[in-house]
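Participant: Before I ask anything, let me first share the structure, which is written out below as structure tokens.
The values are calculated or read from the model by the stated rules, or taken from the named source; none is laboratory data. A quick note: this is a predicted structure, and the numbers were derived from the prediction, not measured. Cβ: placed from backbone, ideal geometry, glycine included. Neighbour counts: every protein chain shown.
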Amino acid sequence: MSRFAAQRAFCAAFLAVNRVGGSVVEPMTWQDVQAALDGFGLGLRVQLSQTSTATSQQAADTLGCELGQIAKSLCFMVDGQPVLVIASGDRRVDEKKLADLRGVARKRIKIASAEECVAIFGYPPGSVPPVGLRTPGLPVYIEDSLARYTDIFAAAGAPNAVFPLTYAQLLHVTGGTVVDLKRAG
């Protein structure tokens, strides 16, 4: 069984088990993100805010930074397989480019549901971090427009939590592949 087939099977089983009897998968927390960050030994620290940082614009307004400095985590299901795309807050992802990259038809690309985000990635939409995910080994793509910035900010597991890091640190902690996925225009 390929790595992708194994991940797809794990995700399907995880979702099926957690739907039985109406049980609910609990979201992970900003403390889980901090524990993951601590494992890298880079001194990265989660910062909690009094205001929401759930959208890229809210995060930029709260932090007083450029919208593009926000590294937004977008959760996709690509032909049933979870994929994380980390994109600049001022860019939109071209799903056709993602489909081409993954070798599937465009209609096989879906934004993960809130349930899938929590069950597979570990966090609700608006707080998905680039590290500390519930399912290890997921494909991670970093949209190349983030390279415009040395200093960026990423979600940290709660709708009011972020952590600052450099672009180089993002590459290191995610092991992500840098690709052009931005939508033209």
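Participant: Working only within segment 138-157, note down all residues that are more than 13 Å from the chain's Cα centre (by Cα), part of a loop (DSSP other than H, G, I, E, B) and not polar (S, T, N, Q). Steps first, please.
Facilitator: Taking segment 138-157 as the starting set, the residues that turn out to be more than 13 Å from the chain's Cα centre (by Cα) are 144-152.
Subset that is part of a loop (DSSP other than H, G, I, E, B): 149-150.
Scanning segment 138-157 gives a single hit, 149.
Participant: Right, something else. Which number in (1) under 17 Å from the mean Cα position of the chain (by Cα); (2) closer than 22 Å to residue 171 by Cα marks the one condition that residue 112 misses?
Facilitator: (2) is the only condition that residue 112 fails.
To keep it simple, each residue is scored yes or no on (1) more than 26 Å from residue 36 (Cα to Cα); (2) hydrophobic (A, V, I, L, M, F, W, C).
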site	(1), (2)
87	no, yes
91	yes, no
95	yes, no
121	no, yes
131	no, yes
136	no, no
151	no, no
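Participant: Still on this structure, I have one more. In segment 47-62, how many are touching a residue at least 24 places away in the same chain (Cβ under 8 Å), assigned to a helix (DSSP H, G or I) and either within 16 Å of the chain's Cα centre (by Cα) or loosely packed, with under 15 Cβ neighbours inside 10 Å (or both)?
Facilitator: Residues in segment 47-62 being touching a residue at least 24 places away in the same chain (Cβ under 8 Å), assigned to a helix (DSSP H, G or I) and either within 16 Å of the chain's Cα centre (by Cα) or loosely packed, with under 15 Cβ neighbours inside 10 Å (or both): 3 in total.
Participant: Is there a residue in segment 73-82 that is assigned to a loop (DSSP other than H, G, I, E, B) and either touching a residue at least 24 places away in the same chain (Cβ under 8 Å) or within 24 Å of residue 31 (Cα to Cα) (or both)?
Facilitator: Taking segment 73-82 and keeping what is assigned to a loop (DSSP other than H, G, I, E, B), we get 79-80.
Among the residues that remain, those that are also either touching a residue at least 24 places away in the same chain (Cβ under 8 Å) or within 24 Å of residue 31 (Cα to Cα) (or both) are: 79-80.
Yes, segment 73-82 has at least one match.
Participant: Hey, another quick one. Say whether the condition of being at pLDDT 95 or above, assigned to a loop (DSSP other than H, G, I, E, B), closer than 30 Å to residue 24 by Cα and touching a Gly at 6+ places or on another chain (Cβ under 7 Å) is met by at least one residue in segment 158-176.
Facilitator: Yes: segment 158-176 contains one or more residues that are at pLDDT 95 or above, assigned to a loop (DSSP other than H, G, I, E, B), closer than 30 Å to residue 24 by Cα and touching a Gly at 6+ places or on another chain (Cβ under 7 Å).
Participant: Still on this structure, I have one more. I'd like the full set of residues that are more than 17 Å from residue 71 (Cα to Cα), of a type in the set (Asp, Glu) and touching a residue at least 40 places away in the same chain (Cβ under 8 Å), limited to segment 93-135.
Facilitator: 115, 116
Participant: Can I ask one more? Go through segment 23-46 and count every residue that is touching a residue at least 12 places away in the same chain (Cβ under 8 Å), farther than 29 Å from residue 102 by Cα and assigned to a helix (DSSP H, G or I).
Facilitator: So the answer is 5.
Participant: I've got another one for you. Is it the case, given these coordinates, that residue 185 is closer than 23 Å to residue 102 by Cα, at pLDDT below 95 and not basic (Lys, Arg)? Give the derivation first.
Facilitator: On the way: closer than 23 Å to residue 102 by Cα: yes; at pLDDT below 95: yes; not basic (Lys, Arg): yes.
Judged against the criteria, residue 185 is a match.
Participant: To continue, here is another question. Please work out which residue is farthest from the chain's Cα centre (by Cα), limiting yourself to segment 79-94 and to residues that are surrounded by fewer than 22 Cβ atoms within 10 Å (Cβ to Cβ) and not small (Gly, Ala, Ser).
Facilitator: 79
Participant: Restricting segment 1-34 to residues that are surrounded by 15 or more Cβ atoms within 10 Å (Cβ to Cβ) and modelled with pLDDT of 95 or more, which is farthest from residue 75 (Cα to Cα)?
Facilitator: Filtering first and then ranking leaves 34.
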